[in-house]
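Structure, as structure tokens:
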Amino acid sequence: MATVALDSNQTQTPLKIRINRRGWAVLVGLPIFALTVAAAFFIAMFSSDAHAAANTPAGIETVDVTVIPGDTLWSLAREYATGYDVTSAVDHIAELNALNSSEIQIGETLSIPVLAG
């Protein structure tokens, strides 16, 4: 076991910390860098022009159709989306109704684009 003998004549002096140039750069530079990154993030977040899309884009007239047994996207597009190319109509129906596949369920209500007039 180690023992330490203290000199009673010795007074306690406060410890002085010396910081060199690299230390100052880290001490000051790191918080400035973090604040700059945070400010850039918030500026980018609040100045973004991104907006949530509406369910139906403006200017597109639609008709709501309830799916019955035997209906397919192709048959619904051919029947209701008159004036459109059938392949384009199927793509528009899928996009308007946020369909991930061409499968549709019986009883499901779909918005189908139609030409006005």
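Here are a few things to note about the model shown:
- Taking every residue in region 35-60 that is within 25 Å of Pro113 (Cα to Cα) and not assigned by TED's automatic domain parsing to the domain that holds Ala94 and pairing it with any residue that is modelled with pLDDT under 70 and not β-branched (Val, Ile, Thr), at least 6 positions away or on another chain, yields no pair with a Cβ-Cβ distance below 7 Å.
- Matching residues in region 90-110 - criterion: being over 18 Å from Gly70 (Cβ atoms) and either in contact with a Phe, Trp or Tyr (Cβ under 7 Å, 6 or more places away or on another chain) or assigned to a helix (DSSP H, G or I) (or both): Asp91, His92, Ala94, Glu95, Leu96
The values are calculated or read from the model by the stated rules, or taken from the named source; none is laboratory data. Quick caveat, the model's predicted, so the values are computed rather than measured. Virtual Cβ from ideal backbone geometry, glycine too; neighbours counted across all protein chains shown.
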